[in-house]
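What follows is a short report on a single structure.
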Amino acid sequence: AQKVTQAQTEISVVEKEDVTLDCVYETRDTTYYLFWYKQPPSGELVFLIRRNSFDEQNEISGRYSWNFQKSTSSFNFTITASQVVDSAVYFCALSRGWGGANNLFFGTGTRLTVIP
Amino acid sequence: DGGITQSPKYLFRKEGQNVTLSCEQNLNHDAMYWYRQDPGQGLRLIYYSQIVNDFQKGDIAEGYSVSREKKESFPLTVTSAQKNPTAFYLCASSQTAEAFFGQGTRLTVV
């Protein structure tokens, strides 16, 4: 069975601090995608990154970086020098195979509050 | 701008009434989806459609109905059979693995 666990329900940091959001997944599939989405107060989910199960290279995009480790079934997300605009709920998700959004399993989300 | 439009943003329904949530996309995506989000929970799939005139039940389809008469449109009807309809509803579309989401409709039963 597929499962995504985001153990951190809420995190508060002071602006300019670094913060890491944890994501642990379970799957028996050998082919899958992992995603991070951001949900700002306006409500829509904003796509941040997709990683396939064969690509364990870490990725950096500006202040965002992602660490994918199959050995620990983790796909953690780090924000460097956090800003108030980073305040949002962040969801990690797992997709079975190469399927579309009908195969997405979401974690329960981590609410990040960045205090000015 | 290309994207997904959900309307209305807020919707109030009396018990026993059916209501329809609108979702339109101009991304030319084949697949469209409806998710439900409850406080402190992840998203749960209600229905999805991978092609016009075809749709499939998701994990929590009971009390909901959909149609897909046009590629651009995937309306969701919350029927009176849905016992706990108060929630945030998100529509999404995809062409490959990434899903793109609308801004959501917050439905409240009064």
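Is segment A:5-25 home to any residue that is more than 11 Å from chain B (Cβ to nearest Cβ), under 14 Å from the mean Cα position of the chain (by Cα) and polar (S, T, N, Q)? Yes; the residues of segment A:5-25 include at least one that is more than 11 Å from chain B (Cβ to nearest Cβ), under 14 Å from the mean Cα position of the chain (by Cα) and polar (S, T, N, Q). Scanning segment B:53-79 for residues that are of a type in the set (A, V, I, L, M, F, W, C) and closer than 19 Å to B:G104 by Cα gives B:I60, B:A61, B:V66, B:F74, B:L76, B:V78. Filtering segment B:32-55 to residues that are in contact with a Phe, Trp or Tyr (Cβ under 6 Å, 6 or more places away or on another chain) and either β-branched (V, I, T) or not in a strand (DSSP E or B) (or both) leaves B:G42, B:I46. Limited to segment B:95-110, what total is found for residues that are in a strand (DSSP E or B), facing chain A (nearest Cβ under 8 Å) and in contact with an Asp or Glu (Cβ under 8 Å, 6 or more places away or on another chain)? Result for segment B:95-110: 1.
If only residues of segment A:60-116 that are of a type in the set (K, R) and more than 14 Å from chain B (Cβ to nearest Cβ) are counted, the one that is surrounded by the most Cβ atoms within 10 Å (Cβ to Cβ) is A:R63. Per the listing B:Q82, B:Q50, B:Q17, B:Q25, the residue uniquely facing chain A (nearest Cβ under 10 Å) and out of contact with any helix residue (DSSP H, G or I) (no Cβ under 7 Å at 6 or more places or on another chain) is B:Q50. Suppose we keep only residues that are closer than 14 Å to B:L11 by Cα and crowded, with 18+ Cβ neighbours inside 10 Å within segment B:76-102. Which one would you say is modelled with the lowest pLDDT? For segment B:76-102, the residue satisfying everything is B:P85.
Which of the strands (runs of 3 or more DSSP E) contained wholly in segment A:46-99 include at least 2 residues that are touching a residue at least 12 places away in the same chain (Cβ under 8 Å)?
Fully inside segment A:46-99 and qualifying: A:46-52, A:64-69, A:74-79, A:88-96.
Could you please let me know if B:S65 is under 15 Å from B:R106 (Cβ atoms), assigned to a strand (DSSP E or B) and of a type in the set (G, A, S)? No. Yes or no: B:P75 under 12 Å from the mean Cα position of the chain (by Cα), more than 14 Å from every other protein chain (Cβ to nearest Cβ) and not charged (D, E, K, R)? Judged against the criteria, B:P75 is a match.
On inspection, A:V4 fails the criterion of being in contact with a strand residue (DSSP E or B) (Cβ under 6 Å, 6 or more places away or on another chain), free of Cβ contacts under 8 Å to residues at least 60 places away in the same chain and of a type in the set (V, I, T).
The values are calculated or read from the model by the stated rules, or taken from the named source; none is laboratory data. Owing to the predicted nature of the structure, the values given are computational and were not obtained by experimental measurement. Glycine also receives a Cβ, built like all others from the backbone with ideal geometry; neighbour counts cover every protein chain displayed.
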